[in-house]
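**Student:** Please see the structure below; I have some questions.
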Amino acid sequence: MIVAVTITALGLCLVAAITQLFGYRLSGTVTLPVLAVYTLITVLTLPVFILSTLIAYGGLELLKQRTLLYGRDELLAAIIIGSAIPVGVLLVLGGVLAEPLRAVLFIGSILPGLAAFNYHQLDAAYRKWDLLTSVGLFVGLITLGSLLIAPDFSRTIGTLTPPTLFAETADIARWRGATVPAETAPILLDRPGTVGILGLALVASEGFRRRYDVRIGVIAVGLLAIYALASVWLLVLYVLLFAVTYVALLVAHRNTILYGRVLIGLATAFSLLAAVPLVVALPAVDGLSAYFVAIFAGINAYNMHATAPAYRIVIPPVQLAAFLTLVGIARQFIEPLPQGVPQQFGGPEIVVSAIVVCLCLGFAEYYVVSQPSETAVYDSSIISGGGNA
């Protein structure tokens, strides 16, 4: 995990610096560093990513020509289009594909839409230089990872934390002869089931954003629901990282003028670095799961920081409501591991969860001021002849 965190944190800081200096998007804040890590795990990640990104970009271009789509709706459309082929292959052929290829198709369904959206947002004059810079940064991260995943390091940094890039399932570790024996994390939920949970998480996230104007993470809550059934310590890790990263963001905000994409990259890098000692201190957790928990904690801490101060108090109860709902759904299909929660999920647990969800949403409804509909605004506008004009 140390090497994966090193590559990702360095990549995030470099993306932040390049964005600050030149205004490039570089496929999105987290895309290139995460893509580099997954390519080191499974080399097939790269061609799947490139093909899916091209499809997402072409589909988004067509939508822009034929619709009035813009803003966040563009991003969601790009993610859905970019997910179509890898998720389709996964659902149809998932049972006969090797696990590494299933993992590639899964990650290939998330990142391409982000990359396509970011390139589409760039002015045409900057796309070539943005792409060349992205390729250079990606090659640099892959080279660094290849140098660090070496037999000389396998007995030191390869064993201090969960192996991840030193695992026997990682292509780079096998090619360099630097594998470290480790238990393979069991698959809690098959890939189609995971896709379903993440789809529900996306719907819930966007629904809450439109209703309460707060961001809870497009897929973060869905994956956290699945991770909870694997180990309660992953939830503890998320809460701790969320808290320390949010405090770090407050300090950075008071002492710098950094904001937006630059700040979210630095926050995520900080969360990843803070995760390493916590993973060592906490009971055994899967390295790749802890890696993504750290990324989610950094992004969601930034989401809370970027929310209007008056509405920040709404984010925790809304996240909890979405989390409990998704955990309840996932628990119907997953038998939790010994350290996972909830171990029992019968009538009493369902009732308690439902009450907590209702209280959380009730608080949000009470606290947030509902925005008038577009129709009401139009009907009351002097320009449109309404409002007793």
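**Student:** Pairs under 9 Å by beta carbon, first residue in contact (Cβ under 8 Å) with a residue 60 or more places away in the chain and of a type in the set (A, V, I, L, M, F, W, C) in region 199-215, partner part of a helix (DSSP H, G or I) and surrounded by fewer than 18 Cβ atoms within 10 Å (Cβ to Cβ), six or more apart or different chains?
**Tutor:** Final answer for the pair search is Leu200/Ile329; Leu202/Leu76; Leu202/Ile80; Val214/Tyr311; Val214/Arg312.
**Student:** Then there is this: Any residue at all in region 374-381 that is modelled with pLDDT of 85 or more, of a type outside the set (A, V, I, L, M) and in a helix (DSSP H, G or I)?
**Tutor:** Scanning region 374-381, I find no residue that is modelled with pLDDT of 85 or more, of a type outside the set (A, V, I, L, M) and in a helix (DSSP H, G or I), so the answer is no.
**Student:** If you take the residues of region 333-345 that are loosely packed, with under 13 Cβ neighbours inside 10 Å and modelled with pLDDT of 85 or more, which of them is farthest from the chain's Cα centre (by Cα)?
**Tutor:** Gln344
**Student:** Is it fair to say Tyr246 is under 19 Å from the mean Cα position of the chain (by Cα), among the hydroxyl-bearing types (Ser, Thr, Tyr) and at pLDDT 90 or above?
**Tutor:** So Tyr246 passes the test.
**Student:** So, in region 154-192, of the ones that are in a helix (DSSP H, G or I) and small (Gly, Ala, Ser), which residue ends up modelled with the lowest pLDDT?
**Tutor:** Among residues in region 154-192 that are in a helix (DSSP H, G or I) and small (Gly, Ala, Ser), the one modelled with the lowest pLDDT is Gly158.
**Student:** Here's something else I'd like to know. For region 289-308, indicate whether the set of residues that are under 24 Å from Phe242 (Cα atoms) and either free of Cβ contacts under 8 Å to residues at least 40 places away in the same chain or in a loop (DSSP other than H, G, I, E, B) (or both) is non-empty.
**Tutor:** yes
Matching residues to (1) without any contact (Cβ under 8 Å) to a residue 40 or more places away in the chain; (2) assigned to a helix (DSSP H, G or I); (3) of a type in the set (D, E, K, R):
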position	(1), (2), (3)
Ile55	no, yes, no
Gly58	yes, yes, no
Glu61	no, yes, yes
Tyr70	yes, no, no
Leu75	no, yes, no
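**Student:** I've got another one for you. Does Val5 count as under 19 Å from the mean Cα position of the chain (by Cα), modelled with pLDDT of 90 or more and within 22 Å of Leu202 (Cβ to Cβ)?
**Tutor:** Taking the combined requirement at face value, the residue does not satisfy it.
**Student:** Let me ask something else about it. Which residue pairs have Cβ atoms under 9 Å apart, sit 6 or more places apart or on different chains, and have a first residue in region 263-274 that is outside the structural domain of Gly287 (by TED's automatic domain parsing) and a second that is surrounded by fewer than 24 Cβ atoms within 10 Å (Cβ to Cβ) and not hydroxyl-bearing (Ser, Thr, Tyr)?
**Tutor:** As it stands, the answer is none, since no pair meets every condition given.
**Student:** When the residues of region 230-267 are filtered to those that are closer than 13 Å to His305 by Cα and β-branched (Val, Ile, Thr), which remaining residue is surrounded by the most Cβ atoms within 10 Å (Cβ to Cβ)?
**Tutor:** Thr245
**Student:** Return only the number of the condition from (1) touching a helix residue (DSSP H, G or I) at 6+ places or on another chain (Cβ under 6 Å); (2) at pLDDT below 90; (3) at negative phi that Leu51 does not satisfy.
**Tutor:** That leaves (1) as the condition not met.
**Student:** Of all residues in region 15-45, how many are not in a helix (DSSP H, G or I) and not polar (S, T, N, Q)?
**Tutor:** Residues that pass the stated criteria total 8.
**Student:** Considering only residues that are surrounded by fewer than 20 Cβ atoms within 10 Å (Cβ to Cβ) and at pLDDT below 90, which ones fall in region 16-48?
**Tutor:** Gly23, Val43, Leu44, Leu46, Pro47 - these are the residues of region 16-48 that are surrounded by fewer than 20 Cβ atoms within 10 Å (Cβ to Cβ) and at pLDDT below 90.
The values are calculated or read from the model by the stated rules, or taken from the named source; none is laboratory data. Treat the numbers as computed from the prediction; the structure is a model and nothing was measured. So basically every Cβ, Gly included, is an ideal-geometry build from the backbone, and we count neighbours across all protein chains shown.
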